[in-house]
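Worksheet: the structure to be examined is printed underneath.
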Amino acid sequence: MSEIFEILLGLGDKFAAHIVLAASAIGLGIIVALPLAVWASRSATVSRIALGFASLVQTIPALALLALFFPILLSLRAVFGEDLPTLGFLPAFLALALYALLPILRNAVTAQANLDPGVLEAADGVGMTSWQKLTLVEAPLSAPFIMAGIRTASVWTIGAATLSTTIGQPSLGDPIFAGLQTQNWALVLAGCIASAGLALVVDALLGVIENGFAKRSRLQWGAGVAAVALGLGGALYYQSGGDDEDTIVIASKQFSEQYILAQLIGSQLEKAGFNVEYRDGLGSAVVHSAVANSSIDISVDYTGTIWTNELDRTDNPGREEMYQTIVEWERENTGVRVLGRLGFENAYAFAMREDRAAELGVSSLEDLVPYGPQLAVGGDPEFFERPEWIAVRDAYGLRFGETRNFSPTFMYNALRSGEADVISAYTSDGRIAADRLVVLEDPREALPSYDAMIMMSPRIAENEEIARALEPLIGAISVEAMREANFAVDREGEGKLSPKEAAEELADKIGL
Amino acid sequence: MVNTLVEPTGGRVLFAGEDVTSLRSAQLRRRVGYVFQGIGLFPHFTVGENIAIGPRLASENLTPERVAELLTLVELEPDMASRMPDELSGGQRQRVGVARALAGEPELLIMDEPFGALDPITRDALGEKVRELHEKLGLTTIMVTHDMAEALLLADRVLVMSHGELVADETPRGLLGGAGGEIAQGLVAVPRQQAEKLADMEGRLAHEEKMP
């Protein structure tokens, strides 16, 4: 319990970012929804279209909606120029505002439709202009219902804002995503408690305002508005204090190795006197764009990933040439500086149980070919569709008797229980060491390499001080050391470490 | 149609010599008092604020004395000004509605079935009161009703409409004397027969009481 409390105390900046993001999104939602509701109350067509659109948006899962704004903003760069951010605050803000639209709009439209027709007739009858009618009669009478809509929208938005972590916007989702990946339940709980607590408090405050409107008590709704404004102001103040140019933002994707390496890089930079901020749990697809437009400063990426996703290449020129090509390509096209390789690969590889491999006398993919038809191969759900598998299959003429799909965790279980003889493993996976698996060699270099490398954003590319601080990491991490650190974070029970602890241990091991 | 809540599809309505559709409707409506069956008091305003709304729209402030005066005019307690509409009875609310219509010192008062939702006693009392105010304030009043008795008792001039056509334009005296044509006479016949039947019943009761 005290652990959760401790984590909660450390969440101040995420909390502030979360509040500012959610409040801005709800604010935009209100600014768009209210005039739209007025228009909708004057025209049935507008009402149908607006409500239909808002409902449609609501059917898109929040996670997908957030992710969709990346390509949308990317294409809008044609209009607004290259400075338009595609990650971080802007897309999260826009997506969440869209999400907040429906409850506010629907309540406002319903409230208007349910106004007493006698009162509206009287408003016309006493000679109100349509603006006077709106401000003196329709708005005050609809206010409690609209406020109820804003309350609903707020609770949704505060909840959904946790998902903005995946597109590089700090939020209370950061501890949740990091905790889920490393199975650190205290982190997950702390994030959930913080965001749920925030939602409850906001709901209660807005309830006070709603009630004040309903009872027409100016004092009550005034107090509610003041409390909300105070909280928002506090968050803004907190946020404005923390952000300065010297802070180096280190990103990580959603798996343990990335969290550990981010911590390792962070501690190196802190030792060199830099301020460091972590942007954990980014979607794999957005990390490269984020580093290229300097919304993050440092990431660890893999040669094979960049090769396929950014250079759009499917050939395999070999490990060294692939790396050199990428370094060159980044320098010319994105301005990203590839500082160097860490020394290990997190590639696809085929792994077998030690006893089974010994029994068959197999140590490389070549050795495996004659036994293929009698064996079952397990892979993650996408593996058998990936170019890596096709390359191996064609290079060796490898055929297996049976092909099975597993989620990564179950893949290792299947190998242990004998349901699969060979699996597509990840070379730096901690379970290779823990289960004492044999990684089969690939003499024909059919599998592309996935060298881990440090990427520096154009903003800090020229900063030699940073480069010097990170230099000791280059070529320093063996695949064995990385496996051990990964396993320490992934494992259950005794000996389980947090990414930070694992990073410290790794630093000791490589002599930093 | 007079205050352009409904636009005429044909013909013209002249108000003080001007076509109503040529006037700014908000301005026109402030010169015309309007009372209707739905009453339509603003539930978020006090009784006093409801009464003062017309002048307020024209950027005039009604003094509390004037509000009290208007309340007295419709036979309500002046201290009712601070009450909310939902604390009042139906009859009281319509009295406030009348006071609101009179607040702007209108040139014309339109009453669209104003007493339709009220109980008969309140209805009768209010009818009398409105007629009295009409005399006292020298108003021009147009009242729409389905109740011919009400029309005959309160009006100086009765116009009968049927299917959108004007079928009679008579004084109450003329209508009772048999003028105005078939449709108007059909309407006059209803309260007349009711009155005759009642008189008949009363006569019989009186007769029975005299019996030993």
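The values are calculated or read from the model by the stated rules, or taken from the named source; none is laboratory data. This one's a predicted model, so the numbers in the text were calculated from it and none came from an experiment. Note that we place each Cβ from the backbone using ideal geometry, even for glycine, and neighbour counts take in every protein chain shown.
Things to note:
- A residue that is part of a helix (DSSP H, G or I), touching an Asp or Glu at 6+ places or on another chain (Cβ under 9 Å) and without any contact (Cβ under 8 Å) to a residue 40 or more places away in the chain can be found somewhere in the range A:71-82.
- Scanning the range B:148-173 for residues that are surrounded by 15 or more Cβ atoms within 10 Å (Cβ to Cβ) and out of contact with any helix residue (DSSP H, G or I) (no Cβ under 8 Å at 6 or more places or on another chain) yields B:Leu159, B:Thr171.
- Every residue from the range A:373-389 that is in a helix (DSSP H, G or I), in contact with a Phe, Trp or Tyr (Cβ under 9 Å, 6 or more places away or on another chain) and within 17 Å of A:Ala425 (Cα to Cα): A:Phe383, A:Glu388, A:Trp389
- Hits in the range A:431-459 - residues which are among the basic types (Lys, Arg) and over 27 Å from the mean Cα position of the chain (by Cα): A:Arg436, A:Arg444
- Qualifying residue in the range A:457-478 (condition: farther than 19 Å from A:Gln268 by Cβ and of a type in the set (Asp, Glu)): no
- Top-ranked residue of the range B:37-81 - restricted to ones that are of a type in the set (Asp, Glu) and closer than 26 Å to A:Glu138 by Cα, ranked as nearest to the other protein chains (Cβ to nearest Cβ): B:Glu49
- Within the range A:46-89, restricting attention to residues that are of a type in the set (Ser, Thr, Tyr) and in contact with a Ser or Thr (Cβ under 9 Å, 6 or more places away or on another chain), the residue that is modelled with the highest pLDDT is A:Ser47.
- Check on B:Glu105, of a type in the set (D, E, K, R), free of Cβ contacts under 8 Å to residues at least 40 places away in the same chain and on the phi > 0 side of the Ramachandran plot: yes
- Scope the range B:50-88; condition over 25 Å from B:Glu132 (Cα atoms) and in a helix (DSSP H, G or I); matching residues: B:Arg56, B:Leu57, B:Ser82, B:Asp86, B:Glu87
- Only residues that are within 8 Å of chain B (Cβ to nearest Cβ) and part of a helix (DSSP H, G or I) were counted across the range A:122-135, and they come to 5.
- Being more than 19 Å from B:Glu132 (Cβ to Cβ), away from chain A (no Cβ under 13 Å), surrounded by 19 or more Cβ atoms within 10 Å (Cβ to Cβ) and of a type in the set (Val, Ile, Thr) is a property that B:Val32 lacks.
- Subset tally (residues that are facing another protein chain (nearest Cβ under 10 Å) and crowded, with 24+ Cβ neighbours inside 10 Å) for the range A:94-121: 0
- Residue in the range A:40-49 that is surrounded by 18 or more Cβ atoms within 10 Å (Cβ to Cβ) and either under 25 Å from A:Cys192 (Cβ atoms) or among the polar types (S, T, N, Q) (or both) present: yes
- For A:Leu74, the test of being more than 23 Å from A:Ile150 (Cα to Cα) and crowded, with 18+ Cβ neighbours inside 10 Å is failed.
- Of all positions in the range A:193-209, none carries a residue that is hydrophobic (A, V, I, L, M, F, W, C), within 14 Å of another protein chain (Cβ to nearest Cβ) and closer than 18 Å to A:Gly149 by Cα.
- Only one entry in B:Leu139, B:Leu108 is touching a strand residue (DSSP E or B) at 6+ places or on another chain (Cβ under 6 Å), within 14 Å of another protein chain (Cβ to nearest Cβ), under 20 Å from A:Gly125 (Cβ atoms) and of a type in the set (A, V, I, L, M, F, W, C), namely B:Leu108.
Here is a yes/no grid of residues against (1) modelled with pLDDT under 90; (2) more than 30 Å from B:Val6 (Cβ to Cβ):
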{"position": "A:Glu138", "(1), (2)": "no, no"}
{"position": "A:Leu141", "(1), (2)": "no, no"}
{"position": "A:Thr152", "(1), (2)": "no, yes"}
{"position": "A:Thr162", "(1), (2)": "no, yes"}
{"position": "A:Gln169", "(1), (2)": "yes, yes"}
{"position": "A:Phe177", "(1), (2)": "yes, yes"}
{"position": "A:Leu205", "(1), (2)": "no, yes"}
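- Just one residue in the set A:Thr166, A:Thr129, A:Thr135 is hydroxyl-bearing (Ser, Thr, Tyr) and touching a residue at least 60 places away in the same chain (Cβ under 8 Å); that residue is A:Thr166.
- Number of positions in the range B:9-29 that are part of a strand (DSSP E or B) and either within 7 Å of chain A (Cβ to nearest Cβ) or modelled with pLDDT of 85 or more (or both): 0
- Conditions (1) surrounded by fewer than 15 Cβ atoms within 10 Å (Cβ to Cβ); (2) charged (D, E, K, R); (3) away from every other protein chain (no Cβ under 14 Å); (4) free of Cβ contacts under 8 Å to residues at least 24 places away in the same chain; number of the one not met by B:Arg131: (1)
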